[in-house]
Amino acid sequence: MSKKLELQFTNLEGKTATISIDDPIEPVNVAAVSSAMDTILTENIFTSTGGDYVAKKGARIVERNVNEVELGL
């Protein structure tokens, strides 16, 4: 199982742009995540196909489980 922390922003076109961080520290420090997102917006260090990031939209932990299927080949 793998986990990612997804930081979601709204860009100039009003669409969602996401930054994914592998293997986040848990439990997530909400204040630190919010502060990091504020810094990303203030420093304008990322952009997307829809333009610069203009607002925080949210953050979430996403888990992915992979189960191999034996085909007997």
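Points to keep in mind about this one:
- Averaged over residues, the count of other Cβ atoms within 10 Å places the peptides 40-47, 56-63, 9-16 in the sequence 9-16, 56-63, 40-47, highest first.
- Net charge, residue 47 excluded, C-beta distance under 15 Å - Lys, Arg +1, Asp, Glu -1: -2
- Projecting label points 7 angstrom from Cα along Cα→Cβ for residue 44 and residue 16 puts them 2.6 nm apart.
- With the alpha-carbon atoms of the chain aligned to their principal axes, the span from lowest to highest coordinate is 53, 29, 16 Å, starting with the largest.
- Point-charge dipole on Cβ atoms (K/R +1, D/E -1) for the chain, about Cα centre, debye to 20: 260
- Those aspartates and glutamates that a straight Cα-Cα span of less than 12 Å connects to residue 56, excepting residues fewer than 8 apart in one chain: 6, 38
We did not get these values from a lab; they are worked out from the coordinates using the rules stated. All figures in this text were calculated on a predicted structure; none of them were measured in a lab. Neighbour counts run over all protein chains shown; Cβ positions are idealised from the backbone, glycine included.
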